[in-house]
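Taking it in order: structure first as structure tokens, then the write-up.
Just so you know, all these numbers are worked out from the coordinates, no wet-lab data involved. In this text the structure is predicted, and so the values were computed from the model without any measurement.
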Amino acid sequence: METILTERGQTSVPAVLRRKYHLKPRSKLVWVDLGSSIHVVPVPVDPIAGLRGLFRRRGLTAHLLKDRREARAHAHVTLQALPYKHASR
């Protein structure tokens, strides 16, 4: 889809996209400069609710638990390799 930028720097969001993303008058949009392109991202009215379900079914919990097990194993090996020095008073 293509729109035109006015002399005042304004543009319009095509009706198809307004309906798809439930954009109403006064809806907020974030313009993200990626260097070689610009992305326009609608901001949900409730940002927390907008994130709900975003990470579901992606195995993030399993990945996190695996990562923590590996970190614990590495820490255990590292601690065993350190020489024990008795603190004397």
Rounded to whole Hz, the Karplus (6.51, -1.76, 1.60) HN-Hα couplings of the stretch 20-35, x for glycine and proline: 4, 9, 6, 7, 10, x, 6, 5, 8, 10, 10, 9, 10, 8, 9, x
For q = 0.17, 0.19, 0.21 Å⁻¹, Debye-computed log10 I/I(0) when each Cα of the stretch 1-50 counts as one equal scatterer: -0.62, -0.77, -0.92
Gain in span if fully extended, M1 to S37, counting 0.36 nm per residue against the direct Cα distance: 11.5 nm
